[in-house]
Amino acid sequence: MDAAKLAMLNTLAQQGAGKNPSELLPFLMSAATQNKSRGLRFSSQEMDAIIQVLKAGKSPEEVARMEKIIQMMKLFH
């Protein structure tokens, strides 16, 4: 992963720390829109890795909610 993507992910991690899953959806959607307008795109492998990191340490209920959100996001792309 290139340096620009890693820097953006680090910033997102700092800004998103402490947010619950329902707060993360609008936060991540906004970030995705901003990054898309800047031409910053992630491969499907990079997205899978990011999602796995986001799931780490979450309860089964939170992971299930995240999966639903991910499925909804895929419908919009």
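The numbers here are math on the coordinates, done by the rules we state, and not lab data. Fair warning: this is a prediction, and the values are worked out from it, not measured in the lab. We place every Cβ from the backbone using ideal geometry, glycine too, and count neighbours over all the protein chains shown.
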### the chain - Debye-derived log10 I(q)/I(0), Cα point model, q = 0.19, 0.23 Å⁻¹
-0.88, -1.35
### Task
Mind telling me which of A13, A32, A56 comes out most flexible in a GNM of the chain, alpha-carbon contacts under 10 Å?
A56
### Query
Counting each DSSP H run of 4 or more residues in the chain as -39500 (n - 2.57), what helix-only mean residue ellipticity at 222 nm follows after dividing by all residues, to the nearest 500 deg cm²/dmol?
-25500 deg cm²/dmol
### Query
Within the chain, how many lysine pairs that are 8 or more places apart, or on different chains, have C-alpha atoms less than 22 Å apart?
13
### Message
List the trypsin sites (Lys or Arg not before Pro) within the chain that DSSP assigns to loop and that have no more than 14 neighbouring Cβ atoms inside 10 Å.
### Response
K19, R38, R41, K58
### Query
Which FRET efficiency, nearest 0.05, do S37 and F76 yield, Cβ-Cβ r, R0 22 Å?
0.85
